[in-house]
1. Answer with one residue from G69, C143, G131: the one whose Cα lies farthest towards the positive end of the charge dipole of region 7-242, charges on Cβ with Lys, Arg +1 and Asp, Glu -1.
2. Does region 17-58 come out rounded, prolate or oblate by the C-alpha gyration tensor, with a ≥ b ≥ c the root eigenvalues, rounded set by a/c under 1.5 and, if not, prolate when a/b is larger than b/c and oblate if not?
3. To two decimal places, what compactness ratio does the chain give when its Cα radius of gyration is scaled by 2.2 N^0.38 Å?
4. Which of L231, L110, L197 ends up with the largest GNM mean-square fluctuation for the chain, with Cα atoms connected below 10 Å?
5. For region 150-230, what does the relative contact order come out to in percent, with C-alpha contacts under 8 Å and a separation of six or more?
6. When ranked by the protection proxy of mean other Cβ atoms within 10 Å per residue, highest first, what sequence do the peptides 63-69, 124-130, 73-79 form?
7. Do you know the relative contact order of the chain, to the nearest whole percent, from alpha carbon pairs under 8 angstrom that are 6+ apart?
8. Taking the Cβ of each residue in M170, M148 as the centre, tally the other Cβ atoms inside 10 Å and list the residues starting with the fewest.
Amino acid sequence: MTAIHTRALVLFSGGQDSTTCLAHALQRFEHVETLGFDYGQRHHIELDARLVVLQQLREQFAPWRARLGEDHLLDVAVLGQVSETSLTRDMAFEMESSGLPNTFVPGRNLLFLTLAAALAYRRGLQVLVTGVCETDFSGYPDCRDDTMKAMQIALSLGMDRRLLIDTPLMWIDKAETWALAHTLGQKSGVAGGGQALVDLIVEHTHTCYLGDRTHRHAWGYGCGSCPACELRARGWAGFVAASPV
Ligand code: ZN
């Protein structure tokens, strides 16, 4: 990217992926703001995790502190009016016959990106950074690479301002996402920053669909058996196996 892309907005949920994306953005851009969505999650744990992660990044990574700007939280409770899913209602998580998990809200990510672009426009931010990933198990169609490219064009045209959508995790798996965090922490210039960022993500990010913060595993907190926990645990195992330490 050229130097004209200096200001970024990270779609930041407080999970492993978006925290890694935030570290990527802090390493790459001069000014970084964060955006979260409150869509009536059954568990407020994710929203709490966001604030703890931001605080920990500020405390532990001095070179990034000055770059980390405003945090935004948008209420998207309207999603509850258009979709019944296990994230917004008291339903059990399961896979549907379509092959998608019942957490899927059709087009949710399209809405999120559109809101992010509107905010970025107002804040003078040129890049949207998002942790969407095609190697993820879930196969959300609104997270695919082609969808991101189409959105980048649609949003740039519709707002008459060039906007980039940066997807650092698109083609890597969860083990490589842990490794990326380690590399970014090292590049931060903080002594022991690689391990520090991995430790921060283990301890403070939240991924579990059930909102479990009571069971602590080597890879962090979670129920250990929902698809999000299984994915995180499997990625961690792959990362540890590939690590020289
Ligand atoms: Zn879980």
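Only the coordinates and a few stated rules stand behind these numbers; no lab work does. If you're wondering where the values come from, they're calculated on a predicted model, not measured in any experiment. Backbone-built Cβ (ideal geometry, glycine too); neighbour counts: all protein chains shown.
1. Of the listed residues, the answer is G69.
2. Prolate, because a/c is 1.5 or more and a/b exceeds b/c.
3. 0.97
4. L110
5. For region 150-230, the relative contact order is 15 percent.
6. 124-130, 63-69, 73-79
7. The normalised contact order for the chain reaches 21 percent.
8. Exposure proxy ranking, most exposed first: M170, M148.
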